[in-house]
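Reviewing the structure listed below.
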Amino acid sequence: MKTISTDKAPAAIGPYSQAIIAGDMLYASGQIPIIPETGEIAQGDILVQAEQVMKNAGAILEAAGADFAKVVKTTCFLAEMADFAAFNSVYEKYFTGKPARSCVAVKQLPKDVLCEVEVIAYLG
């Protein structure tokens, strides 16, 4: 296994890695809308926060030698299911290959953000 770490995505805020490569697969930790340069949460609505989440996920994919086209599965967490359509409007710009996906609303996300996305990508 190989640990992936990049300063172009937020550092882990707990005892975990940004991502792990195991065999031909990349397993990335959930990304929230933290701006890597400042450590602050992207301020704004679901559109603003989802854009930052996608940038963070993209940075981790890039650090692993992959891109959004290599993603086979995502898990998306929303603070409010009412944000589903707006979230999808951002999501579909990045995940054009339409990977398998789960999307759920949760009671609360870290740092009270509006969304979080984790990805699994094939590196072979």
- Query: Counting only heavy atoms of protein chains, what accessible area per residue, in Å², does the chain have with a probe of 1.4 Å?
  - Reply: 52 Å²
- On the formula 1/(1 + (r/R0)^6), with r taken between the Cβ atoms of residue 11 and residue 112 and R0 of 22 Å, the FRET efficiency rounded to 0.05 is 0.70
- Which length gain, in nm to one decimal place, applies between residue 123 and residue 47 when the Cα-Cα distance is subtracted from 0.36 nm times their residue separation? 24.5 nm
- Task: Any chance you could get the radius of gyration and Dmax over the Cα atoms of the chain, in Å?
- Result: 13.4, 38
- Of all GluC sites (Glu not before Pro) in the stretch 1-102, which ones are in loop regions per DSSP and have a Cβ with at most 14 other Cβ atoms within 10 Å? 37, 40, 80
- Task: In whole Hz, with x marking every Gly and Pro, tabulate ³J(HN,Hα) for the stretch 80-96 from phi via Karplus 6.51 cos²θ - 1.76 cosθ + 1.60, θ = phi - 60°.
- Result: 9, 5, 4, 8, 3, 5, 5, 4, 4, 5, 7, 3, 5, 6, 9, 9, 5
- Radius 15 Å from Cβ of residue 45, net charge of other residues (Lys, Arg +1; Asp, Glu -1): -4
- Note on the structure: Calc'd 3J(HN,Hα), the stretch 19-27, phi into Karplus 6.51 cos²θ - 1.76 cosθ + 1.60 (θ = phi - 60°), Hz, glycine/Pro = x, comes to 6, 10, 9, 10, x, 9, 10, 10, 10
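The values are calculated or read from the model by the stated rules, or taken from the named source; none is laboratory data. Predicted model only: the values in this text are computed from it and were never measured. Note: ideal-geometry Cβ built from the backbone for every residue, glycine included; neighbour counts use all protein chains shown. Side chains are part of the model used for accessible areas, which takes the heavy atoms of the whole protein and leaves out ligands, DNA and RNA. Shrake-Rupley method; radii C 1.70, N 1.55, O 1.52, S 1.80 Å.
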